[in-house]
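A quick write-up on the structure given underneath.
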Amino acid sequence: MSAELTVTRTARLANWNVAIIAITVLVLIVAAATVDSFGTSRNFGFLVLDLLPIALVALPMTLVIVTGEIDLSVASSLGLSSAVMGYLWNANQPIETIIPLCLLLGAVLGAVNGFFVTFLGLPSLAVTIGTLALYRGLAFVVLGDSAVADFPALYTDWVTGTIGGTPIPNVLIVIVVLAVVFGVVLHATPVGRAVFAVGASEQAARFAGLRPGRLKFWLYVASGLVAGLAGVLWTLRYSSARADNGAGLELAVVAAVLLGGVSIFGGRGALPGVIAGVVLLGALQNALRLSDVSNEALNVVTGVLLIVSVLAPNLARSVLQRRRT
Amino acid sequence: MAAGTPVLRVRAVSKSFGAVAAVREVSFDLYGGEAHALVGENGAGKSTIVKMLAGVHRPDSGTIELNGVPAELHTPADAKAAGIAVIYQEPTLFPDLTVAENIAMGRQPLGRFKTIDRAAMVRQAAQLFTRLGVSIDPNRPARGLSIADQQLVEIAKALSADARVVVMDEPTAALTGVEVERLFAVARSLRDDGAALMFISHRFEEITALCERVTIMRDGRHVSTELLAGITVDEMVRKMVGRDLGALFPKQDVTPGAVALSVRDLSRDPVFKDVSFDVRAGEIVALAGLIGSGRSEVVQSIFGVDPRDSGTVEIAGKALRPSSPKQAMAAGVALVPEDRRQQGLVMELSIERNVTLPRSRSLSRLGFLTGGRERRSAREWTERLTTKYGRLSDEVGTLSGGNQQKVVLAKWLATKPTVLIVDEPTRGIDVGTKAEVHRLMSRLAAEGVAVLMVSSELPEVLGMADRVLVMREGRLVAELDRSEATEESVMFAATGQEASL
Amino acid sequence: MTAVDLPAPRRSSLDVVLRARELGIVLALVLLVAVTTISNPRFVSGQSIRDILLGTAILAVLAVGQAVVVITRNIDLSVGSVLGLSAFTVGTLLQNNNLPVLPVLLAGAGVGVVCGAVNGVLVRYGNVPALVVTLGTLYVFRGITYFWAGGSQINADELPAAFLDFGTATLVGVPYLVLLAVLVLVVTGVVLRNYRMGRELYAMGSSPQAARLAGIAVGRRTVGAFVVSGALAGLAGVLFAARFGTIDAAAGTGYELNVVAAVVVGGVAVFGGSGTVWGAALGALLLTTIGSALAVLEINQFWQQAIVGGLILLAIGADRLVAVRVAAGLKKRGSHVS
Amino acid sequence: GGTTKSDTAAGNTPETVSAGTKADPNAPLKEGLKIAYLPKQLNNPYTDVEVGGGKVAVEEIKGEYKLVGPNDASASSQVSYINTLIQQQQDVIVVAANDPNAVCPSLNQARKAGIKVVTFDSDAAKTCRDAFINQASTQGIGESLVKMASELAGGAGEIAILSATPNATNQNSWIKVMQTELAKPENSKLKLVKIAYGNDDDQKSFTEAQGLLQSYPNLKVIVSPTTVGIAAASRYVSASSYKGKVAITGLGLPNQMRQYVKDGTVKKFALWNPADIGYLAAYAGAAMSSGQITGAEGEKFKAGKLGEYTIGADGEIVLGPPTEFTAANIDQFDF
Ligand SMILES: Nc1ncnc2c1ncn2[C@@H]1O[C@H](COP(=O)(O)OP(=O)(O)OP(=O)(O)O)[C@@H](O)[C@H]1O
Ligand SMILES: Nc1ncnc2c1ncn2[C@@H]1O[C@H](COP(=O)(O)OP(=O)(O)OP(=O)(O)O)[C@@H](O)[C@H]1O
Ligand SMILES: [Mg+2]
Ligand SMILES: [Mg+2]
């Protein structure tokens, strides 16, 4: 890589992070100004609830992708966690036992991914496509096609409720806490330094005394754990445990992370950008739906945004270079 | 000799990579029926010239003429079509394809309906190998070939092209004497058939044995082109380096202290076997040998980035667990690896992050890093090593090679090692920096650090080491004291035969 | 220079192992069919086999295209959406409109070619990773189909009988769809194995830098691979329309993961450079057969997905083991000057 | 300790949102009511017919018609749409629930916001809607399915059911009635060998039909109480060697089934007029929104061309008995 290239790459990353946050803010302002009832506090609550699963799962996914791997099994882990939650609830287990069990289950599912990727050295794309099918299948095995409802109102109300009399949804606390945790870990701890180093060059990281395998393993565990949590919250939000909960969410999560400026090749990315990416997708979806634009338009917007988020900086660079010579 | 017009003329070509001017206004001619050597220190720009001839890089200015006509070599395919065959310095094989396919890629013999005639393809490969006198199974995949075999396949590839110009960038670096002889026999027959050869090597005996003419480069510039008959090796070296070599190795004399690093019966199949030696505090011990003799693997195994099958490693009498660089670091070992692009540095991270990467835990406060302490520490160490850079937050990949090497050194010196292992510490850095690195190693040794240095540069080995250990094919074959170590004795041990210099 | 006696080049053991890799799938398949047949002999009846082959045909065509892309160290996640778009295009063309089959096939493939070209150009000239591009176009192509279809559905009774016949009719007992899939498979397989172009695709996947240095037109080949994958996905759309007769905008949703699974199970390495379309097609056959067998074996249908997932892990795990063993074997077998 | 299911077995505490207001049967129907339809998913021909009827009715009462919905039949995406409808302050939401419980909290939020919720096609939990339009009485449909199956099987033999999803509320209640019917002495020779689930997915139903025929060589009748299932099964059988040997019946749309009735694959099947469901739902919602009814048992309201309806227990409004379609009458219907 030539010196010139690398200079512009740093600049590009910084620019994209700023750009995506700016675009997100802009979209929020425009939507609030032009779309009826977008800016209401009630809509804010709906928006946060709709974002919840993607926002949560995107956090560890960011770290996983920065290390140069990927985890496509998250939505299936979410589904399995939800299914097991329903199963245990049907089996008359106390919810206070079920929730930790579901989190543990998520961590175990993540550990299985981590085992295949780090100990057996298999490509994570293939492994997590495998576990995507496996975990979803197990979810159906556990709960079949039925739905379990009647979760205690205390819990379901908390998930859908707001803090005291404020319009701030309770689950926003969960998102903010986890975002801060993952953000601090990624950007202000030795672990975070290791994440970037491993993603940019696994070999160089090894020569610096880091343990890429172990790091990745624990990131997969974290990814599974958060997916398990997302499964619990999903179940409580809809008060419905189903094996197909969250199906297809993995692509939306990956899209949000990439939109947030994380490089699919690893080594680059920042958490604020990812959060902006999540909010941007969610806000667009919400605003378009409120303006009676169909779902399908949203698909197109998501796809185009995703491609443009990587394409635009590339094009800008080549234009700049052409002008210089 | 050199009758008629040149087959290929290089006219005032220049090429820069960002701030690095790799090649500046270099001109020379290649004639049919002649072998032309290109010499220069590491980083002088030789490979860059090769890549311009191969169509990989486009010259920033200057032209390349083929048979008197300016050639537009935009892509490797253009160069191929123009009859230029290239053996690159780093092997460029397709690991998943068979050896025969690797050789024939792009010009496979065709049978009916333009399908590939596999039998003919394998036959061709086998014939080429016969000509080179090696036995490599044409049907095996290229993955897993040793460096030497990979180089042989590259040579076969170039031979199969029937090219008018054959460019060889250090083709012999990984070959043994016999293989080199075979290669030369083939090269001479090519030359006698009228091809123009360009040959790059750091071994002068090879150059004098094969070539008629030599172009000398220094720091990207053309120094001179001469007939080899009219120049001695000493003169060549002086032109290459630009000064006398003596001053390069400022070794201070030190009385060695206690044993700091002790290695016993270290083995790792199939790379090295039963390696035992000690390094004392204050001593500089060089590990010499031919490329591929297993030196890097030994030091990597000591540091723990590579596993070991058996044997022990002790630091100041305390045994190190295998495969744990962390423990090695805690025990005071530092390894400056040979490949700084892949192993030494994370090119996409900033200078400060690279310098502090092994120490990020100790720099953190309550587990958190705010950047300030990292920056201060990075500034301190890069300044100590007089590293030149714009800002500490620049990507380390933007630095010049020598400064990158300094960053690697800073990164490891900052861990305050008691045992410093350096693998090819001066590869690809300019003479000035080289001397600085040597001074630094001397000073560290004088301060009581045990230094183990792997180097392929004989003058460096002879100039710096208190003791020289020589490896051949994965075994430690000689231990020479500073007084016994000469070019002849080291080469003899390294090759197992009389050196022809 | 001394003349050297070389032993005649023999078949390398790796070739044998590679064969064994596909053999492994065949064995698994045989085992599965045997067990299922013992429990219900009707599993090997003509109708049942025909049904499995018909199911495989569509997946296999997609898997062949995917294999071509994966061999070049890329991936195409948009195939399910391309299938949907093509199926709906064809359905609209045919709606109360009696066209012969051939132009319809070409139209479907044409839709795919356009989609594939978009992917290829973005990957190659936009310098965007294939995963990102095709994840994006997965949404975009599907969105376009939904826009166009707007919730309408094309039913069997609106399609010409000739076209529906094409979906079910057979030639000496073999359905046309299956013949078409086999044709696609053989042509792609032969091109990949026996033509320079095919070998260049492997070379690109095996080492992109080396491919550039070897003068391979990497850009053109990359776009080409995506166009092939798109065209085959388009073709699969026509097959889909002919077989199921009912087309809506959701046709082929989620297929991408099945297709990638088939390719991976079939032994095509996700990092490019190795694997064959035969393996990919066998992977498709195996996955389809598992689906049918589970229904016949009265195994809870819910197990199906879990079993497929487990199988993918098994396949790539086994593949890895073989690769490690082969690599170890090869290292010990270095050449020596004779 | 802890909260277990048995602690909450009583279920969601009923929301008393509509209590307090009293029905005024003579209140005029309001004009300009915003009535939104949210079917299970958008591109389903059956629901298209249903909501088509709704559109006609909304125009008759001079309301504002709106159709929204997900492309996949998932409960979670329906919730987002309900939330959107709340934001847009609709007057009536007519919804077919993908999951009776998952949509509940949102529907209740809608009701708190003064929106009347009418379910159709597939009911939500009773506590979170104001009325449910039932296409026909559960008992009636179950009986009629068994009657048709028995006729087609000649009174004896193996039959199988190809249903939608295993938790589809309608299908399950019909199947329950069928099982009670089959247990009666007059049907003792009919043997129900399997209930398969095609998930209301065309392809899945197709494959399931295929699997049934392979597993049960003596199968005489496939009963599919869902329009997607019956069409897929008919298509499979009509092109396979089973044609003429295995009969298909169940609930289907005449337009979708016409081809198979004509080619003899299908002798008879049944259905109500789905357009009437949507039509009735609009009037029920409008009547409620105008204060004519509150959803209590026994209240009466007028539903345009369909005449007068009475609300049954649990807010259920039954459309009427299903129609049987055969080769003789099928050409008289177009939906
Ligand atoms: N792609 C590149 N990007 C940036 N700098 C480069 C690149 N290739 C070469 N250089 C720089 O150009 C200079 C000349 O390198 P080159 O490889 O031509 O040296 P060389 O004479 O072949 O050395 P050696 O004997 O070590 O092979 C070096 O400083 C090197 O770091
Ligand atoms: N990529 C590779 N594939 C196969 N064999 C390899 C590879 N790299 C190194 N080897 C083999 O490992 C052995 C030791 O190599 P190593 O790099 O340790 O040698 P070295 O003495 O350090 O040489 P260098 O000066 O190149 O660093 C040699 O036999 C070499 O052929
Ligand atoms: Mg070089
Ligand atoms: Mg080395």
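The values are calculated or read from the model by the stated rules, or taken from the named source; none is laboratory data. Every value quoted in this text rests on a predicted model; they were computed, and no experiment measured them. Backbone-built Cβ (ideal geometry, glycine too); neighbour counts: all protein chains shown. Surface areas here come from the heavy atoms of the whole protein model, side chains and all, with no ligands, DNA or RNA. Shrake-Rupley method; radii C 1.70, N 1.55, O 1.52, S 1.80 Å.
With the Cα gyration tensor of region C:17-324 giving a ≥ b ≥ c as the square roots of its eigenvalues, does the rule (a/c under 1.5 for rounded; else a/b larger than b/c for prolate; else oblate) give rounded, prolate or oblate? Walk me through the numbers on the way to the answer.
Values: a/c = 1.71, a/b = 1.07, b/c = 1.59.
Oblate.
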Rounded to a whole number, the mean other protein chain Cβ count within 10 angstrom for residues of C:212-221 is 5
Under 13 Å between alpha carbons, and skipping anything fewer than 8 positions from residue D:184 in its own chain: which aspartates and glutamates qualify? D:143
Rounding to the nearest 10 and keeping the result within 0 to 90°, find how far the Cα-based axis of helix C:218-244 lies from the longest principal axis of chain C. 40
Karplus-derived 3J(HN,Hα) from phi for region B:87-92 (6.51 cos²θ - 1.76 cosθ + 1.60, θ = phi - 60°), whole Hz, x at Gly and Pro, runs 9, 7, 4, 9, x, 10
Total Å² of accessible surface buried at the C-A contact, 1.4 Å probe, nearest 100? 3400
Using only the Cα atoms, work out Rg/Rh for the protein assembly as shown, with Rh taken as the Kirkwood radius, to two decimals. 1.03
Within the protein assembly as shown, what percent of beta bridges assigned by DSSP are antiparallel, to the nearest 5? 45
Radius of gyration, Dmax [chain B; alpha carbons; angstrom]: 24.0, 76
Interface buried area B-C, accessible surface with 1.4 Å probe, both sides summed, nearest 100 Å², comes to 3600
Give the accessible surface of region A:56-253 per residue, rounded to a whole number of Å², with probe radius 1.4 Å and ligands, DNA and RNA excluded. 29
Listed peptides C:165-171, D:96-102, D:296-302 by packing density, highest first (mean Cβ within 10 Å): D:96-102, C:165-171, D:296-302
Distance from the Cα centre of region B:41-101 to that of region B:181-214, in angstrom? 18
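Can you tell me how chain D classifies by the Cα gyration tensor, rounded, prolate or oblate, using a/c under 1.5 as the rounded cut? Walk me through the numbers on the way to the answer.
On the way: a/c = 1.96, a/b = 1.65, b/c = 1.19.
It comes out prolate by the Cα gyration axes.
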Quick check for you: which residues of region D:71-102 have the amide N under 17 Å from the point 7 Å beyond the Cα of residue D:27 toward its beta carbon? D:90-93
With angles folded into 0 to 90 degrees, how steeply does helix C:130-149 sit against the dominant principal axis of chain C? Use alpha carbons for both and round to 10. 10
I need the Kirkwood Rh of region C:168-273: take the reciprocal of the average 1/r across all distinct C-alpha pairs and report it in angstrom. 15.9
Could you tell me the relative contact order of chain D? Use alpha-carbon pairs under 8 Å, at least six residues apart, and round to a whole percent. 21
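How big is the shadow of the Cα convex hull of region B:344-414, averaged over all directions, in nm²?
Values: hull surface 16.5 nm².
So the Cα hull casts an average projection of 4.1 nm².
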How well do other chains shield peptide B:338-345, expressed as the mean number of their Cβ atoms within 10 Å of each residue Cβ? 4
Just to confirm the number: angle between the C-alpha axis of helix B:177-192 and the first principal axis of chain B, 0 to 90 degrees, nearest 10? 30
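Kindly flag which residue pairs out of D:22/D:116; D:116/D:147; D:194/D:268; D:40/D:243; B:411/B:434; D:55/D:204 have an alpha-carbon separation exceeding 26 Å in this structure.
Numbers: D:22/D:116 15 Å; D:116/D:147 38 Å; D:194/D:268 21 Å; D:40/D:243 32 Å; B:411/B:434 18 Å; D:55/D:204 31 Å.
Cα-Cα > 26 Å for D:116/D:147; D:40/D:243; D:55/D:204; rest within.
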Cut-off under 15 Å on the C-alpha distance; same-chain residues fewer than 8 positions from residue D:30 excluded. Which aspartates and glutamates are left, in chain and number order? D:59, D:60, D:64, D:91
Taking all protein chains as present, what is the carbon and sulfur share of the accessible area of the protein assembly as shown, in % to the nearest whole number, probe 1.4 Å? 58
Cysteines in the protein assembly as shown that, by Cβ-Cβ distance, have no pairing candidate under 4.7 Å: A:102, B:211, C:115
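Please compute, for peptide B:350-362, the average count of beta-carbon atoms on other protein chains lying within 10 Å of each residue's beta-carbon.
Values: counts 2, 0, 0, 4, 3, 0, 3, 11, 5, 3, 9, 6, 1.
Rounded to a whole number, the mean comes out at 4.
Classify chain A from the C-alpha gyration tensor, please: rounded if a/c falls under 1.5, else prolate or oblate depending on whether a/b exceeds b/c. Don't skip to the answer; put the middle values down first.
Details: a/c = 1.99, a/b = 1.22, b/c = 1.63.
Oblate, because a/c is 1.5 or more while a/b does not exceed b/c.
Write down the accessible area per residue of chain C in Å², having rolled a 1.4 Å probe over the full set of protein chains. Spell out each step's value before the answer.
Details: 12780 Å² over 338 residues.
Per residue, chain C has 38 Å² of solvent-accessible surface.
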Measuring from a point 7 Å past the Cα of residue B:107 along Cα-to-C-beta, which residues in region C:212-244 have an amide N at less than 20 Å? C:212-218
Of D:175-187, B:349-361, ordering from highest average Cβ density within 10 Å down gives B:349-361, D:175-187
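What order do you get for D:248-261, B:470-483 when each peptide is scored by the mean count of other beta carbon atoms within 10 Å, highest first?
D:248-261, B:470-483
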Taking a quarter of the surface of the convex hull around the Cα atoms of region A:138-242, what do you get in nm²? 9.2
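Work out the length of the dipole vector of chain A about its Cα centre, built from +1 on the beta-carbon of each Lys and Arg and -1 on the beta-carbon of each Asp and Glu, and round it to the nearest 20 debye. List each step's numbers first, then the result.
On the way: 17 positive and 14 negative charges, 271 e Å.
Approximately 1300 debye in magnitude.
Counting only C-alpha contacts under 8 Å and six or more residues apart, can you give the relative contact order of region D:210-271 as a whole percent? Each step should come with its number before you reach the end.
Values: 84 pairs, mean separation 21.2, N = 62.
Dividing the mean separation by the residue count of region D:210-271 yields 34 percent.
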Set the Förster radius R0 to 60 Å, insert the Cβ-Cβ distance between residue A:158 and residue C:171 as r into 1/(1 + (r/R0)^6), and round the FRET efficiency to 0.05. 0.40
Output the Kirkwood hydrodynamic radius of region C:91-236, Cα pairs only, in Å rounded to one decimal. 17.5
